[in-house]
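Here you go, one structure.
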Amino acid sequence: MIKLKILKVITYFSPFWAFSVLASTYDSTYIENFAKTHVEQNIHLPDNAIVEVTPSKIDPRIVIKPCKEPLQANIPENRAGRNLNIKISCSDSTPWNIYLPVKVKTLVPVVVATTRLNKGSSLTKDNIQVKFVDQKSIRGERISKVEDIYGAKTKRNISANKPITARNICYVCKGELVTVVAKSDSFMIKTTGTAMNNGSLGQQIKVKNERSGRVVTAKVNAINKVEITL
């Protein structure tokens with residue numbers, strides 16, 4: 001009788017034990033999305049950037065075996081490029097690996113021209129906007145806020161949708177009048193001068209004082225404004 005009861009108990013629970021060790025099956029779409037999600041959640045991004053991840057399609061001839069353990073993904077240590085080879089692993093008693101190429105594009109906010117801008121064009125809310133673009137396509141120091149460059153002028157022609165960088169605009173442009181502020185801890189003087197060369201924010205340029213004719217070195221600190229520290 002006791003043996004019969006034990007047999008009944010074993011028979012009752014055996015389906016649950018069998019279910020608990022059943023291997024999960026995966027198709028190619030699941031593996032591709034698994035790799036994509038892992039990269040999106042684990043890759044390091046610059047501030048305010050977004051990532052665009054495109055996994056390759058798995059060859060339909062590849063047989064994806066079932067796995068009794070949760071799948072694991074590994075991003076290679078050398079992740080400087082835009083092409084990664086993600087390792088998808090099953091670590092059960094019959095382990096297997098799939099290496100899946102993934103393209104990664106980092107998009108960063110940058111100010112771009114909304115229309116073609118000719119050399120000498122003044123930047124306004126009507127001709128520039130912020131757009132997310134491929135980080136690899138930007139040459140020079142990127143600008144991410146339109147309000148920082150309202151009133152600046154282009155030093156060369158810029159095509160529509162092209163990024164505007166610090167090297168192709170001037171906050172102070174050669175030959176134009178600028179406000180010159182000379183200050184110390186105890187006083188401040190304002191005058192007008194003519195810029196002797198182009199300057200971006202923070203650069204030192206030569207300025208000719210309109211009253212005295214004296215040429216001084218000043219730092220660009222705003223649109224059409226320079227400062228001399230006494």
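Longest span of the chain, sites excluded, free of GluC sites (Glu not before Pro) in DSSP loop with at most 15 other C-beta atoms within 10 Å? Don't jump to the answer; show the numbers that get you there.
On the way: sites that count: Glu77, Glu141, Glu176, Glu210.
Formally, the longest exposed-site-free interval is 1-76.
Taking one equal scatterer on every alpha-carbon of segment 67-144, how large is log10 of I(q)/I(0) by Debye at q = 0.11, 0.20, 0.21 1/Å?
Scattering profile of segment 67-144, log10 relative to I(0): -0.53, -0.92, -0.96.
What are the radius of gyration and Dmax of segment 177-229, computed over its Cα atoms and given in Å?
10.0, 30
Another one. Mind computing the radius of gyration and Dmax over the alpha-carbon atoms of the chain? Å is fine for both.
Looking at the chain, its Cα Rg and Dmax stand at 31.5, 118 Å.
If you scale each eigenvalue of the Cα gyration tensor by 5 and take the root, what three semi-axes come out for segment 37-96, rounded to whole angstrom and sorted largest first?
Equivalent-ellipsoid dimensions as semi-axes: 26, 14, 10 Å.
If each of Asn197 and Glu147 carries a label point 7 Å out from its Cα toward its Cβ, how far apart are those two points in nm?
Here the modelled spin labels are 3.2 nm apart.
Hey, with R₀ at 41 Å, roughly what FRET efficiency would Asp134 and Lys190 work out to, going by the Cβ-Cβ distance, to 0.05?
Calculated value: 0.40.
Further question on the same structure: With angles folded into 0 to 90 degrees, how steeply does helix 28-42 sit against the dominant principal axis of the chain? Use alpha carbons for both and round to 10.
Result, in degrees: 50.
If we restrict to alpha carbons, what Rg and Dmax does segment 130-230 come to, in Å?
Radius of gyration, then largest Cα-Cα span, for segment 130-230: 15.5, 49 Å.
Mind listing the long-range amide H neighbours of Thr114? Cut-off is under 5 Å, sequence gap 5 or more, other chains count too, H placed in the peptide plane at 1.01 Å from N.
Ile128, Gln129, Asn161
Output wanted: per-residue J couplings in Hz (rounded whole) for segment 148-165, from phi through Karplus 6.51 cos²θ - 1.76 cosθ + 1.60, θ = phi - 60°, x for Gly and Pro.
Result, ordered by residue: 6, 10, 4, x, 5, 10, 7, 8, 7, 5, 10, 6, 4, 6, 8, x, 9, 10 Hz.
Tell me, what is the FRET efficiency for Ala160 and Lys225 to the nearest 0.05, using R0 = 25 angstrom and their Cβ-Cβ distance as r?
Working from the Cβ atoms, E equals 0.30.
Full extension from Asn74 to Asn209: what is 0.36 nm times the residue separation minus their Cα-Cα distance, to one decimal in nm?
Taking Asn74 through Asn209 to full extension adds about 42.3 nm, to one decimal.
Additional query: Against the longest principal axis of the chain, how steep is helix 2-20, in degrees 0 to 90 to the nearest 10, with axes from Cα atoms?
With rounding to tens, the tilt is 30 degrees.
As a check on your grasp of the helix formula, calculate [θ] at 222 nm for the chain: sum -39500 (n - 2.57) over DSSP H runs of n ≥ 4, divide by the residue count, round to the nearest 500.
Dividing the helical sum by the residues of the chain leaves -5000 deg cm²/dmol.
FYI, it's all coordinate maths here, none of it is from the lab. Worth saying up front: this structure is predicted, and the values here are computed from it rather than measured. Methodologically, a virtual Cβ is constructed for each residue, glycine included, from the backbone with ideal geometry; neighbour enumeration extends over all protein chains shown.
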